[in-house]
Amino acid sequence: MFLRFFFLALLLSCSSDSISSQKNDKPKSIIFMIGDGMGLSQVSYFHLKSNSNQNFAKIKQIGFATTYSSDNLVTDSGASGTALATGEKTKNYAIGVDTLGNSLKTILEYFEEKKLPTGLVVTSSITHATPASFYAHELSRGSEEAIALQLSDKEIEVLVGGGEKFFTQRKDSLNLLEKMQQKGYGIFKTLAEAKGSTSQKVFVPLAADGLPKKNEGRGEILSEGTQLALEKLSKGSKGFFLMVEGSQIDWAGHGNDFVYLLAEMEDFNTAIGVAIDFVDKNPETLLVITGDHETGGLAITSGNHSTNEVNVKFVSTSHTGVLIPVYAYGKGAENFQGFYDNTDIFRKMLDLMGCF
Ligand code: MG
Ligand code: ZN
């Protein structure tokens, strides 16, 4: 109990003073990219299959993280999203709450509290487990209408993803898009329209639920959404937090569909390229890239390196418990070397921001 109070006191010591006093080695902004279901075998498959534009390979600071949840060796995306967003282990299916259902403060909420802008760019619904873990507090990830209601009460400056139906076709008949518009959000149907707007807050709902698969015509939404968010959030800002999710790497794994998987990995790699370019031009930025767990138990079983033939097998249609790679680039990246737990990723980020 005493330790917990001590811990909380340390958390409360987070202030902008502590950031400015250590300006030289601390990042101003964090770009956090999560490949849902992206373990080392997904990265390996992509690496062996593709010839060029290996953005993963540009990153020198690499670690490995464990992903187990509080009640299962194999996590779901709710518990792992919560671990990454709040630094606490919780039960599978929980979102931003501890095992008893108490709300946990997320890294995004720390930034919002400091009046620094934040953003979420995903290819699932914006209310899906991974993005929801950064702003919502619910015992069950399935309550996407309740999660949408919580999102509508936040002030997250850039929102790109699917899930429009959870805002407009609700059991309680509320129209949350109208509500968000009334509190100053620009709601746009395309990234181009959002790019042209001067709204301080933008929401770009691009599908009723999840977005289309990359190999079925989604286009460059993830990388263009990342670009849009970086432009909006960095404008005159003293720092920002952006989470970008390659949401459907996981769905390809559940479907044991290696064509879909490769397309999603390529898409995530392209978005990583956008983030790396931003960090190169804005060196006070930290970029962290990881997965929340592996999906499908992907194995590379045979092939030919000179022809890029790579044969794979999945041993599962669900998640597995293997270690997940963590890549870090930019200011403070060296802190992410080594072997640690997924909850430590949150602690390292918060520590670097002078909040811990
Ligand atoms: Mg996800
Ligand atoms: Zn999954």
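Observations, loosely collected:
- Gly296 passes every criterion in (1) within 14 Å of ligand 1 (Cβ to nearest atom); (2) surrounded by 23 or more Cβ atoms within 10 Å (Cβ to Cβ); (3) farther than 22 Å from Ile59 by Cβ apart from (1).
- Of all residues in segment 60-86, those being within 20 Å of Leu286 (Cβ to Cβ) and either under 18 Å from the mean Cα position of the chain (by Cα) or not in a loop (DSSP other than H, G, I, E, B) (or both) number 10.
- Here Val326 does not qualify as more than 16 Å from ligand 1 (Cβ to nearest atom), modelled with pLDDT of 95 or more, more than 20 Å from the chain's Cα centre (by Cα) and buried (at least 20 other Cβ atoms within 10 Å of the Cβ).
- Output for segment 47-84, where each listed residue is of a type in the set (A, V, I, L, M, F, W, C), farther than 30 Å from Ser306 by Cα and in contact with a helix residue (DSSP H, G or I) (Cβ under 8 Å, 6 or more places away or on another chain): Ala65, Ala83, Leu84
Residue-wise test of (1) surrounded by fewer than 18 Cβ atoms within 10 Å (Cβ to Cβ); (2) of a type in the set (Asp, Glu); (3) under 18 Å from Thr295 (Cα atoms).
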{"site": "Gly37", "(1), (2), (3)": "no, no, yes"}
{"site": "Leu48", "(1), (2), (3)": "yes, no, no"}
{"site": "Ala57", "(1), (2), (3)": "yes, no, no"}
{"site": "Thr67", "(1), (2), (3)": "no, no, yes"}
{"site": "Gly78", "(1), (2), (3)": "no, no, yes"}
{"site": "Leu84", "(1), (2), (3)": "no, no, yes"}
{"site": "Glu88", "(1), (2), (3)": "no, yes, no"}
{"site": "Gly96", "(1), (2), (3)": "no, no, no"}
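- Options Ser247, Ser234, Ser223: the member that is away from ligand 1 (no atom under 16 Å from the Cβ), buried (at least 18 other Cβ atoms within 10 Å of the Cβ) and either within 30 Å of Val315 (Cα to Cα) or under 17 Å from the mean Cα position of the chain (by Cα) (or both): Ser223
- Considering residues of segment 199-221 that are in contact (Cβ under 8 Å) with a residue 24 or more places away in the chain and part of a helix (DSSP H, G or I) only, the residue nearest to Phe134 (Cα to Cα): Ile221
- Counting only strands (runs of 3 or more DSSP E) that sit completely within segment 222-336, those holding 2 or more residues that are within 16 Å of ligand 2 (Cβ to nearest atom) and in contact (Cβ under 8 Å) with a residue 40 or more places away in the chain correspond to 241-246, 285-291.
- Evaluation of Ile34 against the conditions (1) farther than 27 Å from Leu323 by Cβ; (2) assigned to a strand (DSSP E or B); (3) not charged (D, E, K, R) shows that the sole unmet condition is (1).
- Single unsatisfied condition, Gly296 versus (1) under 15 Å from Ile107 (Cβ atoms); (2) touching a Phe, Trp or Tyr at 6+ places or on another chain (Cβ under 6 Å): (1)
- Only residues that are within 18 Å of Leu149 (Cβ to Cβ), away from ligand 2 (no atom under 16 Å from the Cβ) and in a loop (DSSP other than H, G, I, E, B) were counted in segment 93-119, giving 3.
- Residue in segment 342-356 that is nearest to Glu113 (Cα to Cα), counting only those that are in contact with a helix residue (DSSP H, G or I) (Cβ under 8 Å, 6 or more places away or on another chain) and of a type outside the set (A, V, I, L, M, F, W, C): Gly354
- Residue in segment 136-143 that is farther than 19 Å from Asn102 by Cα, buried (at least 24 other Cβ atoms within 10 Å of the Cβ) and within 16 Å of ligand 1 (Cβ to nearest atom) present: no
- Matching entry among Gly332, Gly291, Gly273 (being in contact with a Pro (Cβ under 8 Å, 6 or more places away or on another chain) and within 16 Å of Leu242 (Cα to Cα)): Gly291
The values are calculated or read from the model by the stated rules, or taken from the named source; none is laboratory data. In this text, all values refer to a predicted model and were calculated from it rather than measured experimentally. No Cβ is skipped: glycine too gets one built from the backbone with ideal geometry, and neighbour counts run over all protein chains shown.
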